[in-house]
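Beneath this line is the structure, given in C-alpha cells, with notes to follow.
The values are calculated or read from the model by the stated rules, or taken from the named source; none is laboratory data. All figures in this text were calculated on a predicted structure; none of them were measured in a lab. Cβ sites come from the backbone with ideal geometry, for glycine too, and all protein chains shown count toward neighbours.
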Amino acid sequence: MTSEFWDERYSHPNFVFGYRPNDFLKAQAGFLRSAGRVLCLGDGEGRNGVWLAERGHDVVSLDFSRVALAKAEALAGQRGVTIEARLADLADWVDEPDPIRPWDAVVMIFVHLEPQLRRRVVETATRQCAPGAKLILEAYTPAQPALHSGGPTDPEVLVTREDLLAEWRGWHLDVRLVERRIFEGMAHQGLGSVVQAIGMRRPVDPTPASFG
C-alpha cells in the first residue's frame, strides 16, 4: 500500500484506529525505561506515540503518511506534549545513517511489511538500539483474515511467532500467540488473532542477523 493510499484513508475526520493507545502497549508500558528515547515505527495518527510522550518519553513517531503525521502533531498539541513526527518510508529509512543517540525502545504496533523489508527494518532497528533497549510489538497472524475484524488480508505481510523469533535474533524475546477482542477506532473491531512480543536488546549479539 502506498503513501497516497494511506493519506486518503487518514483523511477521514475521525482517527481511523482511534485516539486511545493500543491495549498491548498500554499493558506493557511499565516494561520501558523511564523517560526513554522511543522509536514508534509506523505510528500513523500518533495514538501510541502521543500516549508515550504523555508518560515522559522522548518519542519519534515515524510514518510515510503526511496526513497521519499532521493528525499526530495535532493530537500531541491537544494533549500538551511534544513528539517528533518524522515523514519517512521504511524502505528508505533502512538506508539512512544511524542516529547519534541510540534508541531505548522500539514500538511496532500493527506494522505489516513484505518479508524482505520487514527483515531489513528489524536489522536496522536492532543496530540502532542501545544494549538493554526494549521492544514492544503486536501484529496480526495468518489466521486473522478469516476473522474479518480488520488488518491486512495479504498472507505475505502477516506475522508468525516463528518469524519474530527468527528475525529479532539480537534480542531476548517473550513471544505469544493470542486471540483477543480489539476495539481500536473504525478499522480494528472484533476478535483478532495476534502475535505479541516484548524483548530486550542483548548487550552482545553472539549471532548477528544478516539478511540477504
Exercise. Could you give every pair whose Cβ atoms fall below 6 Å, whose first residue belongs to the range 129-146 and is more than 17 Å from Val111 (Cβ to Cβ), and whose second residue is among the hydrophobic types (A, V, I, L, M, F, W, C), counting only separations of at least 6 or pairs across chains?
Worked result: Ala133/Trp103; Ala133/Ala105
For this session: Inspect all residues belonging to the range 113-120 and state whether any of them is assigned to a helix (DSSP H, G or I), surrounded by fewer than 16 Cβ atoms within 10 Å (Cβ to Cβ), touching a residue at least 40 places away in the same chain (Cβ under 8 Å) and more than 15 Å from the chain's Cα centre (by Cα).
Result: yes
Seminar exercise, completed: Restricting the range 2-54 to residues that are aliphatic (A, V, I, L, M) and out of contact with any helix residue (DSSP H, G or I) (no Cβ under 9 Å at 6 or more places or on another chain), the one modelled with the lowest pLDDT turns out to be Ala35
Seminar exercise, completed: The number of residues in the range 2-33 that are buried (at least 19 other Cβ atoms within 10 Å of the Cβ) and part of a loop (DSSP other than H, G, I, E, B) is 6
Problem set entry | Answer residue from the range 151-181, given it is touching an Asp or Glu at 6+ places or on another chain (Cβ under 8 Å) and outside any helix (DSSP H, G or I) and is modelled with the highest pLDDT among those | Arg180
Seminar exercise, completed: Within the range 59-110, of all residues that are acidic (Asp, Glu) and touching a helix residue (DSSP H, G or I) at 6+ places or on another chain (Cβ under 6 Å), the one nearest to Phe183 (Cα to Cα) is Asp63
